[in-house]
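Shown next, in structure tokens, is the structure this report addresses.
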Amino acid sequence: MKKVALYVRVSTPDQHVESQLYDLRELAAQKGYEIVHEYEDRGVCGKQARRPGLDALMADARRKKFSVVLVAAFDRIARSTRNFLQIIERRRGDRGCDGAFVHDHHLGDSGA
């Protein structure tokens with residue numbers, strides 16, 4: 001069974017991460033993935049490079065706690081595709097994470 005991490009983020013404190021988590025948990029269950037941890041950043045802008053939840057996710061990726069990260073959309077991790085790919089490549093370079101699976105209702109599924 002593939003071990004996965006979930007990452008969710010909302011930009012303002014009055015927004016909620018629950019719908020993102022629900023969708024990602026459902027996706028993990030459908031694919032038969034084992035969720036090892038859920039990382040979240042609430043009220044944090046995606047332009048900030050340092051975020052507590054994302055930093056913890058990256059640290060655990062280096063420790064090989066999971067092989068895939070599930071996110072609701074690219075912009076939950078990074079504001080630009082370039083920045084997103086840099087983050088993923090850095091993790092692959094560390095041999096900590098095989099990739100990311102993005103679930104976006106508007107784009108369909110892509111990734112691992």
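Observations on the structure shown:
- Test: residue in the stretch 1-24 that is touching a residue at least 40 places away in the same chain (Cβ under 8 Å), over 18 Å from Ala73 (Cβ atoms) and over 11 Å from the mean Cα position of the chain (by Cα): yes
- Residue in the stretch 20-31 that is in a strand (DSSP E or B) and either on the phi < 0 side of the Ramachandran plot or modelled with pLDDT of 90 or more (or both) present: no
- Taking every residue in the stretch 48-70 that is over 16 Å from Tyr33 (Cβ atoms) and pairing it with any residue that is aromatic (Phe, Trp, Tyr) and not in a loop (DSSP other than H, G, I, E, B), at least 6 positions away or on another chain, the pairs with Cβ-Cβ distances below 8 Å are Gly53/Tyr7; Gly53/Tyr39; Leu54/Tyr7; Leu54/Tyr39; Ala56/Tyr39.
- Filter pass, Leu54 being surrounded by 18 or more Cβ atoms within 10 Å (Cβ to Cβ), within 11 Å of the chain's Cα centre (by Cα) and part of a helix (DSSP H, G or I): yes
- Matching entry among Arg63, Arg9 (being of a type in the set (Lys, Arg) and crowded, with 20+ Cβ neighbours inside 10 Å): Arg9
The values are calculated or read from the model by the stated rules, or taken from the named source; none is laboratory data. Since we're looking at a predicted model, the values are computed, not measured. With ideal geometry, Cβ positions are generated from the backbone for all residues, glycine too; neighbour counts draw on all protein chains shown.
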